[in-house]
């Protein structure tokens, strides 16, 4: 285990009460509120607010260049949008009660994906670029939108590309998990005293996911010429964060390989891992299902989508929708039967992200053509195209707090 932290890190992380607190806390955090608005982010420095009661764009707000990712507070009152474009330094706060920009904060070199904690009190922001040769993590108080803490973490190598990726929180909102893509490490921050530690990964880490019971952290790593893409599972109940299991993706018949995102099904039974493909070789089509208890591969399927990156759970947990980076097809998956239900061609650009109405009746799917598409989840047909006036740059769509993109609130 590698350590880069103050001396108190091991002591604090090893406290006997920590694991029990983390496991209990999922039920103690406020239950997320579903917003009547869908926030549709666009890389061309815009956020379009769509009222799902009328399916009309009711506000067009200025954000930041490359601002395709954001996070909603559990009370659905604010969204924090990260500007990851070249030369950007801004996180933009959107007020969903007044439908206006509430504040703009300067956090560092190319904010990647600010993530609101389960208790709604903090936003953890990682960055795609180094600051003075160090990885920067910035924590924002949601109460007044001021910076609470800045951590700068030394790295030993030169960047191979973007230097971070995605984040997650422990269910008690104490631990923040982030990715170091320079030295191929997981970063674990304890927000109780701002100590941190790092854990080496087999290859470039991409996506951390906390298990539904809070006891484990599943980390997707991309793979390389020597290491197959896969998953590392860490035990969050032990002081040393030991590795419980390491799994490789099957990658049967895949032309290009690079693991992207993963998430648990809503019932917690399976973990879905997706192969996107590296760089511009967006040809990955595999969704691999691992048993969450045994850590064994139980099934794999191939999508008509190419460059698959995300498998979004429906509110009832019976289906998942795979979106991608390679074409304008989404794949609807029957999670109960572990089979493909339908492949849908939508829009003119590559597919992006999807959110659902709380009852699961409709989905709102973003497309790189700049439009939002309303999907009837019963008939699996597009029933409305919501135009934004943008010719491209479609990014994430948000209407509820989530710890990772593709899972939804449970219970």
* Taking the residues in the range 370-407 that are more than 24 Å from residue 123 (Cβ to Cβ), touching a strand residue (DSSP E or B) at 6+ places or on another chain (Cβ under 7 Å) and not in a strand (DSSP E or B) as candidates, determine which candidate is modelled with the lowest pLDDT. => 390
* Of all residues in the range 39-67 being in a loop (DSSP other than H, G, I, E, B) and more than 20 Å from residue 385 (Cα to Cα), the one that is farthest from the chain's Cα centre (by Cα) -> 66
* Asked: Yes or no: residue 124 surrounded by 20 or more Cβ atoms within 10 Å (Cβ to Cβ) and not in a strand (DSSP E or B)?
  -> no
* Asked: Among the residues of the range 8-20, is there at least one that is modelled with pLDDT under 95, out of contact with any helix residue (DSSP H, G or I) (no Cβ under 9 Å at 6 or more places or on another chain) and closer than 30 Å to residue 389 by Cα?
  -> no
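Rundown of residues vs (1) part of a strand (DSSP E or B); (2) more than 15 Å from residue 90 (Cβ to Cβ); (3) at pLDDT 95 or above, yes/no style:
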position: 102; (1), (2), (3): yes, no, yes
position: 136; (1), (2), (3): yes, no, yes
position: 179; (1), (2), (3): yes, yes, yes
position: 183; (1), (2), (3): no, yes, yes
* Members of the range 325-353 found to be buried (at least 24 other Cβ atoms within 10 Å of the Cβ) and within 17 Å of residue 40 (Cα to Cα), listed by number -> 351, 352, 353
* at pLDDT 95 or above and within 14 Å of residue 396 (Cβ to Cβ) - does that describe any residue in the range 24-34? -> no
* Asked: Does at least one position in the range 104-115 carry a residue that is within 27 Å of residue 367 (Cα to Cα), within 19 Å of the chain's Cα centre (by Cα), in contact (Cβ under 8 Å) with a residue 60 or more places away in the chain and not in a strand (DSSP E or B)?
  -> no
* Could you say whether any residue in the range 333-350 is without any contact (Cβ under 8 Å) to a residue 60 or more places away in the chain, under 15 Å from residue 69 (Cα atoms) and assigned to a strand (DSSP E or B)? -> no
* Structure fact -> Filtering the range 152-171 down to residues that are surrounded by fewer than 23 Cβ atoms within 10 Å (Cβ to Cβ) and part of a loop (DSSP other than H, G, I, E, B) yields 155, 156, 157, 158, 159, 160, 161, 162, 165, 166
* In the range 185-208, what count of residues is obtained for those that are within 22 Å of residue 139 (Cα to Cα) and part of a loop (DSSP other than H, G, I, E, B)? -> 4
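The values are calculated or read from the model by the stated rules, or taken from the named source; none is laboratory data. Bear in mind the structure is a predicted one, so any value in this text is a computation, not a measurement. Virtual Cβ from ideal backbone geometry, glycine too; neighbours counted across all protein chains shown.
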